[in-house]
1. Hey, can you grab everything whose amide H is under 5 Å from the amide H of Ala245? Only 5+ residues off in sequence or another chain; H modelled, so Pro and N-termini drop out.
2. Summing Lys, Arg as +1 and Asp, Glu as -1, what charge do residues with Cβ under 11 Å from the Cβ of Ile205 carry, Ile205 excluded?
3. Taking a ≥ b ≥ c as the square roots of the Cα gyration tensor eigenvalues, with a/c under 1.5 meaning rounded and otherwise prolate when a/b beats b/c, else oblate, which class fits segment 241-382?
4. About the Cα centre of segment 260-374, what is the dipole size in debye to 20, counting +1 per Lys and Arg Cβ and -1 per Asp and Glu Cβ, all else neutral?
5. What helices does the chain hold that run 30 Å or longer along their axis, going by alpha-carbon atoms, with a Kyte-Doolittle average of -1.0 or more, using DSSP H for the helix calls?
6. Starting from the Kirkwood radius over alpha-carbon pairs of segment 299-415, derive D by Stokes-Einstein at 37 °C in a medium of 0.692 mPa s and give it in µm² s⁻¹.
7. Give, to the nearest whole percent, the P(r) tail of segment 1-56 beyond 16 angstrom, counting all Cα pairs.
8. Output the pairs from Lys78/Lys429; Lys74/Lys305; Lys74/Lys421 with a Cα-Cα distance over 20 Å in this structure; if there are none, say none.
Amino acid sequence: MKKPLRDSIIIGLALFATFFGAGNLIFPPFLGLQSGADWFSGSIGFIISGVIFPIIAIYIIAYAGGTVDQLTKKVHPKFSQWILLGIMLFSSFIAIPRTGAVTHELGIQAVFPSIPAAPIVIIFFALTYYFVNDRNNVIDKLGAFLTPALVVILIAIIINGVINPVGQPVDTEISSSFVNAFLGGYQTGDLLVSFMVASVFISHIVGKGYRSERERNKMTAFAGLVAFIFLVLIYSGLLYLGASASGMYPQNIDRAELLLVIVETILGKGGLYGLGIVVALACLTTSIGLTTAVAQFFDSLTKGKLSYKTTAAIVCVLGIVIALLGVDRIIFIATPLYLAIYPICIVVILVGIFHRRLPNTAAFQGAVLLTVIISVAEAMTAAVNIPFLTRLIGMIPLSSNGFAWLIPALIGFVGGAMIGKFKEKGKAKEQEHSVAN
C-alpha cells in the first residue's frame, strides 16, 4: 500500500544519509574556518556543488527514464558504462574505504585513543555487509532507523554551537570564499554518488508502487526535497561552526582535529561521545548506500557472474585493507581523481537538464568530449608535475578559479551543435538527391 508522505520522508532521509558521509562531516567546518566572516558566501558555494548538483542529478536521471544509460546514450551507447565503471571503481578503492578510516580516526580514536584501527575497521565493514546483504530492505532500514539518530545528534551539536559559539567569525585571506567552498564541495563526492545510487533509489520508488513516470518523478522530487532541507541546514550549521573558530585556529589545522576541538569546546568531553556516534552513523550509512550501488552495478554488468552478494563481500574486504592506510593518504590519492571525474559529471547533468530539447546529439557529445580532455589533463598535473601541461591549462580562462573545464565545455557544446547541423543538412541534401534520381 502506497503512503506518499511517509515514503517520501523515509526515502528522502535514506538519500540524505547516503550523501552525508565521511567528507561531508569534516570538510564544511574546515571551509567555514577558511571563509571566516564570509562564511555565508562559502555556504552558498558549498551548497551548489555539494547539494544542488547531486539532488538535481537524481531527478534528471529519473526524468530521463530512471537510469544513467538513458540520460547519456546520446553521448555514446557505452558512455554510461564507462563513466559508471570509473565511478564504481573510484568508490570501491577510495570513497568506501574512507568511511571506515574516518570512523576510526574521528569517531573512535578521539574518545578511545588506545584502540587500534584493525578491529574497528573490521567491525565497521562487517556491519556494512550485514545491512547491504538485505537487498530488498536496505533503503527502508537506512531511512527509518539509522538516519533519524544521525540527524537528531547532528542538529543538537549545531544548535549548541550557534547558541554558544566558539568565537566570532573574522576576515581571512581567502580571496573568494564562494569559489573555495564550491571546489571544496567536490571532495564530498556527492555528485558521483548520485550517478551511483540514482537507479537504486529510483527502482526502490518503483518497487513501492510508484510505477508511472509522473508518480516516479513526483516521489523522486519529494524525496530529493527532504534530503535537500536536511543537507542545507546541517551544512550551513557546520560551516558556521568552523567560521566561529576562524579567529582561534590556524588555516592549516587538520580537518578532523578542527571538528574535534570545536565539539569539545562547545559540549565538553562528553560531546566527543556524541560526535563519535555521529561519525560512525554518517560513515556507516554512506558505506551501506555506496556498497549497495557497487554490488548492483557489477551484478548487472556481468549478468550475474559476479553476484550482488559476492561483489558486496569483495568491496567490504577491500574497504578493510585500504582503510588501514589512513584518512590523509586516501584523501591525497582522491584529489586528482575528483578533478578528473567531477567536471564530467557536472557537464552531463547541466546538459542533461535540457537533454530532450538539445539542438542535436553532437552538442552533448562536444561538451562532454572537451570536458573529458581538460579535466583529465588537470588531474594529471595535480598528480604529477608536468610544466608544459600546467602552462597550457593556465592559459584557459577561469582556470585560476578552478573552472578550466567550463569554457571548453561551452565551446564543445556550440561547436558540436554547429557540426551536427551541418551533418543534418548534408544528410537532407543526400536524401533529396536520391529521391530526385
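1. none
2. Details: positive: Lys2, Lys208, Arg211, Arg216, Lys218; negative: Asp7, Glu215.
Net charge around Ile205: +3.
3. Working: a/c = 2.25, a/b = 1.41, b/c = 1.59.
Oblate, since a/c reaches 1.5 and b/c is not below a/b.
4. Working: 7 positive and 3 negative charges, 76 e Å.
That gives a dipole near 360 debye.
5. Numbers: long enough: 213-244 (46 Å, 0.88); 269-301 (48 Å, 1.25); 327-352 (34 Å, 2.07); 361-383 (33 Å, 1.57); 406-436 (45 Å, 0.10).
Span-like helices, by this rule, are 213-244, 269-301, 327-352, 361-383, 406-436.
6. Working: Rh = 16.7 Å.
Using the Kirkwood radius from Cα pairs, D works out to 197 µm²/s.
7. Values: 848 of 1540 pairs.
For segment 1-56, the fraction of Cα-Cα distances above 16 Å is 55 percent.
8. Working: Lys78/Lys429 30 Å; Lys74/Lys305 29 Å; Lys74/Lys421 15 Å.
In this structure, Lys78/Lys429; Lys74/Lys305 exceed 20 Å between Cα atoms.
Readers should treat all values here as calculations from the given coordinates under stated rules, not as data from a laboratory. Keep in mind that what you see is a predicted model, and the values were worked out from it rather than measured. Virtual Cβ from ideal backbone geometry, glycine too; neighbours counted across all protein chains shown.
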